[in-house]
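The structure under discussion appears below in the form of structure tokens.
The values are calculated or read from the model by the stated rules, or taken from the named source; none is laboratory data. Values in this document were obtained by computation on a predicted structure and should not be read as measured data. Every residue, glycine among them, receives a Cβ derived from its backbone with ideal geometry; neighbour counts consider all protein chains shown. Side chains are part of the model used for accessible areas, which takes the heavy atoms of the whole protein and leaves out ligands, DNA and RNA. Shrake-Rupley method; radii C 1.70, N 1.55, O 1.52, S 1.80 Å.
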Amino acid sequence: MLMTRVFCLLALSGVLAQNPPKSPTITVTDQKGEKGGSINFSFTVEKADQDLDKSQIHIAKASKDHKFTNARFKVDLSGDTSKLTGEASADSLTCDDQSGYIIYYQRIPPPPQQGPPPGSFLLQIEGCPPPEEDTAPGYPTITVSDQKGEKGGSVSFSFTVEKAESPLDKTQVHIDKASKDHKFTNARFTVQLSGDSDKLTGEASADSLSCDDQSGYIIYYQRIPPPPQQGPPPGSFLLQVEGCPPPEGDDGPPAQDPKITVDQQQHTSKGATLTFTFKLETSDKTLTKDKVYMVKASQDHKTSPVRFTLTYEVSSDSKTITGTAVADNVTCDDQSGYLIYYDKLPPPPHHQARMRFRRQPTPPPGGFVIDVDGCGHY
């Protein structure tokens, strides 16, 4: 809990967060019920690093447009802080209850690289049409490729939409932009469509490209399709804008220069003296100690200078700086997230907005947390 909250503060302060502690293990199976009937099922939640809190367990229903709402199940929980067993029930089932759901702890987890997220399950209702697959039967074939443009310039590209079973309707073809929080908004492309009810060719364009245009997009017919089990959904593409920070891939943010190395968790106790070292290294720059900063993240998502005594040793070629931090008489107020940076506070990372489940990004060098024994959770 401490690591999660602390690094959440760093992320909101413009600093990418450390990966959170392990999530509880949630076990549940797919369920079946009858239209008009009732359903009862059980699930378990087992702790990982932190004791469990019953009030942090939730069940959400997934909609076709990738949003989550509170599920209507009645839930009773029993057990202790190590393992909880849940009993969920619902009466008068309807076709609207047939959906995907997720049981989660505290917050809905980031989507995994492959397969469904832990805690997810499907409720199938007999007497209702079967749930759609990754691409519903009869969904048109949409072909488009990733695009590149220059900051301040223009981009033009084409795509095709080919019918499956039903004739195509031009008014049902849309392009949306994917945001970092997995929401979709209308893209600002100008789109011209030509062709017939069997195949449409689209010409999309945009002028005065900015870094905000660098994102993931999806071309879709009628409605955005449900996310596939693997890979990006059909019709999705990435627009990369030259002159802007590159989008992050699975390997995390771009390399930092200078490279900053510090143990990402410092452990101490109340009243003690904490001493730790860190290092900045470069092959191209000339480093100066007056451009080295260490800041603390506060609960209102702001950063402030640290109270530590900081000393530096600069190598003869000015390519390496070794720093030592000393904190005397440690208190609970020192338990927080911190960041070491050079010259400028780094901007928040630009997440590659692919419409698929991805791993949490890795943290940039320089981020760390101080954990103080004898203090409550931060």
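Specify the residue that is modelled with the lowest pLDDT; the eligible residues are those in the range 302-325 that are among the polar types (S, T, N, Q) and open to solvent by less than 70 Å² (accessible area, probe 1.4 Å).
First pass over the range 302-325, keeping only residues among the polar types (S, T, N, Q): 303-304, 309, 311, 315-316, 318, 320, 322, 324.
Those left that are additionally open to solvent by less than 70 Å² (accessible area, probe 1.4 Å): 303-304, 315, 318, 320, 322, 324.
Details: T303: 80, S304: 86, S315: 94, S318: 93, T320: 95, T322: 96, T324: 96.
In this case the residue turns out to be T303.
Looking only at residues in the range 19-49 that are of a type in the set (S, T, Y) and part of a strand (DSSP E or B), which one is farthest from T85 (Cα to Cα)? Before the answer, list the steps.
Here is the first cut: in the range 19-49, the ones of a type in the set (S, T, Y) are 23, 25, 27, 29, 38, 42, 44.
Pick out the ones that are also part of a strand (DSSP E or B) and you get 25, 27, 42, 44.
Numbers: T25: 12, T27: 10, S42: 7, T44: 4 Å.
Result: T25.
Just name the residue that is modelled with the lowest pLDDT out of those in the range 261-279 that are exposed (fewer than 14 other Cβ atoms within 10 Å of the Cβ) and touching a Phe, Trp or Tyr at 6+ places or on another chain (Cβ under 7 Å). I'd like the intermediate steps shown before the answer.
The initial filter retains those residues of the range 261-279 that are exposed (fewer than 14 other Cβ atoms within 10 Å of the Cβ), namely 263, 265, 267, 269, 271, 273, 277.
Still in the running and touching a Phe, Trp or Tyr at 6+ places or on another chain (Cβ under 7 Å): 263, 265.
Details: D263: 89, Q265: 86.
Among those residues, the one meeting the criterion is Q265.
Taking the stated definitions as given, is L200 assigned to a loop (DSSP other than H, G, I, E, B) and at pLDDT 90 or above?
Working: assigned to a loop (DSSP other than H, G, I, E, B): no; at pLDDT 90 or above: yes.
Judged against the criteria, L200 is not a match.
Scan the range 272-313 residue by residue and report those that are within 28 Å of the chain's Cα centre (by Cα), over 17 Å from F368 (Cβ atoms) and either in contact (Cβ under 8 Å) with a residue 12 or more places away in the chain or not in a loop (DSSP other than H, G, I, E, B) (or both). Outline the logic, then answer.
Here is the first cut: in the range 272-313, the residues within 28 Å of the chain's Cα centre (by Cα) are 293-304.
Subsequent filtering for residues that are over 17 Å from F368 (Cβ atoms) retains 299-302.
Correct list: Q299, H301, K302.
Within the bounds of the range 326-333, is there any residue that is open to solvent by less than 20 Å² (accessible area, probe 1.4 Å) and either modelled with pLDDT of 90 or more or among the charged types (D, E, K, R) (or both)?
Start the filter on the range 326-333 by keeping residues that are open to solvent by less than 20 Å² (accessible area, probe 1.4 Å), which leaves 327, 330.
Among the residues that remain, those that are also either modelled with pLDDT of 90 or more or among the charged types (D, E, K, R) (or both) are: 327, 330.
Checking the range 326-333: at least one residue is open to solvent by less than 20 Å² (accessible area, probe 1.4 Å) and either modelled with pLDDT of 90 or more or among the charged types (D, E, K, R) (or both).
Looking only at the range 65-101, filter to residues that are of a type outside the set (A, V, I, L, M, F, W, C), closer than 30 Å to Y220 by Cβ and not in a strand (DSSP E or B); which one of those is least open to solvent (accessible area, probe 1.4 Å)?
Filtering the range 65-101 down to residues of a type outside the set (A, V, I, L, M, F, W, C) leaves 65-67, 69-70, 72, 74, 76, 78-83, 85-87, 89, 91-92, 94, 96-101.
Okay, now just the ones that are also closer than 30 Å to Y220 by Cβ, so 65-67, 69-70, 72, 94, 96-101.
Imposing the further condition that a residue be not in a strand (DSSP E or B) reduces the set to 65-67, 72, 94, 96-98.
Working: D65: 75, H66: 46, K67: 118, R72: 122, T94: 61, D96: 105, D97: 10, Q98: 32 Å².
Among residues in the range 65-101 that are of a type outside the set (A, V, I, L, M, F, W, C), closer than 30 Å to Y220 by Cβ and not in a strand (DSSP E or B), the one least open to solvent (accessible area, probe 1.4 Å) is D97.
For residues that are assigned to a loop (DSSP other than H, G, I, E, B) and open to solvent by 40 Å² or more (accessible area, probe 1.4 Å), scanning just the range 227-244, find the one that is nearest to E162 (Cα to Cα). Can you show your working first?
Going through the range 227-244, the residues assigned to a loop (DSSP other than H, G, I, E, B) turn out to be 227-235, 243-244.
Cutting the leftovers down to open to solvent by 40 Å² or more (accessible area, probe 1.4 Å) gives us 227, 229-230, 232, 234, 243.
Working: P227: 20, Q229: 23, Q230: 22, P232: 19, P234: 12, G243: 35 Å.
Restricting to residues being assigned to a loop (DSSP other than H, G, I, E, B) and open to solvent by 40 Å² or more (accessible area, probe 1.4 Å), the top hit is P234.
Which of (1) open to solvent by 50 Å² or more (accessible area, probe 1.4 Å); (2) modelled with pLDDT under 90; (3) more than 15 Å from P232 (Cα to Cα); (4) assigned to a loop (DSSP other than H, G, I, E, B) does G152 not meet, given it meets every other one?
(2) is the only condition that G152 fails.
Taking the range 314-336 as the region of interest, how many residues are without any contact (Cβ under 8 Å) to a residue 40 or more places away in the chain and polar (S, T, N, Q)?
Going through the range 314-336, the residues without any contact (Cβ under 8 Å) to a residue 40 or more places away in the chain turn out to be 314-319, 333.
Next, from what is left, pick out any that are polar (S, T, N, Q): 315-316, 318.
Of the residues in that region, 3 qualify.
Which residues, taken from the range 183-219, are open to solvent by 50 Å² or more (accessible area, probe 1.4 Å) and among the charged types (D, E, K, R)?
Answer for the range 183-219, where residues must be open to solvent by 50 Å² or more (accessible area, probe 1.4 Å) and among the charged types (D, E, K, R): K183, R188, D196, D198, K199, E203, D207, D212.
Are any residues in the range 121-145 modelled with pLDDT of 75 or more and assigned to a loop (DSSP other than H, G, I, E, B), and if so, which ones?
G127, C128, P129, Y139, P140, V144, S145
Please name all residue pairs, on different chains or six or more residues apart, with Cβ atoms under 8 Å, provided the first residue is in the range 162-173 and is assigned to a loop (DSSP other than H, G, I, E, B) and the second residue is of a type in the set (F, W, Y).
Filtered contacts from the range 162-173: A164/Y139; L168/Y221.
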